[in-house]
1. List the pairs from K72/K162; K30/K154; K27/K146; K27/K157 whose alpha-carbon separation is above 32 Å, in the order I gave them.
2. Which whole-Hz ³J(HN,Hα) couplings does the range 30-45 yield from phi under the Karplus relation 6.51 cos²θ - 1.76 cosθ + 1.60, θ = phi - 60°, glycine and proline marked x?
3. Can you list the HN-Hα couplings for the range 8-22, worked out from phi with the Karplus curve (6.51, -1.76, 1.60; θ = phi - 60°), rounded to whole Hz and with x for Gly and Pro?
4. Quick query: amide H of I28 versus all other amide H atoms, modeled in the peptide plane; which residues come in under 5 Å with a sequence gap of 5 or more or a different chain?
5. For R23, R67, give me the order by solvent-accessible area with a 1.4 Å probe, most accessible first, ignoring ligands, DNA and RNA.
Amino acid sequence: VMGPVILALFLQLILKLVIDLERKYLKIPKPIAIVATIIISIVVLVGASFLISSSVSQMITKVDAYRGNIQKLFAHVSTEMIPASWGIDVTAHIRSFSENLGNQVGSMIKETGSAILAVFSQGVIVFIFFLFLVIGNTRRHSASHKVWEQGEEKIKKYIGAKFTTSLVQGIMVGGVLYFFGIDLALMFGLFAFILNF
């Protein structure tokens, strides 16, 4: 129970930071800022899920190409590092490795798919808690309310700085990989952004 609650609280603080920025710089009323922020977050989540699903499907279609590239890499490295005079049959080892590689890649893709489904199933619970946190209005005593606001301001500043550094890191990783023509560059950039948290 605590995992989704903490994640919902984290999302609420991120979106509260966005709402505060909208109200401060765009002079938008609070109800409109809340609705706009929720719509923007839903669009971002749908875009991220579309990017991940398309990257996974691209990975599935290129499994054979990846396996061939790994075979070529191992053959090149083995011929460079192991002289023929040693009498070691490297091709047999590469063949057995590549056969096992297909099974490993298939199981990895299945595990990735199940992990994504688990995240989405948890996402429904997180979204319900998030709605309660955004809409709810808890009455607090004045002293504790002041302490809560001070803590919230510090957390929002930290999240804002962390979000900015993570965004820059994700854009740089994705941009460099895309510049060099690496497959799934945008997905790696997205994961660099998310996992930096």
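The values are calculated or read from the model by the stated rules, or taken from the named source; none is laboratory data. Everything numeric in this text was worked out from a predicted model, so none of it was measured. Only protein heavy atoms, including side chains, enter the accessible area calculation; ligands, DNA and RNA are left aside. Shrake-Rupley method; radii C 1.70, N 1.55, O 1.52, S 1.80 Å.
1. The pairs that break the limit, which is 32 Å between Cα atoms, are K72/K162.
2. 4, x, 5, 5, 5, 4, 5, 5, 5, 5, 4, 5, 5, 4, 5, 5
3. Result, rounded to whole Hz: 5, 5, 4, 5, 5, 5, 4, 5, 5, 4, 5, 4, 4, 5, 5.
4. The answer is R23.
5. R23, R67
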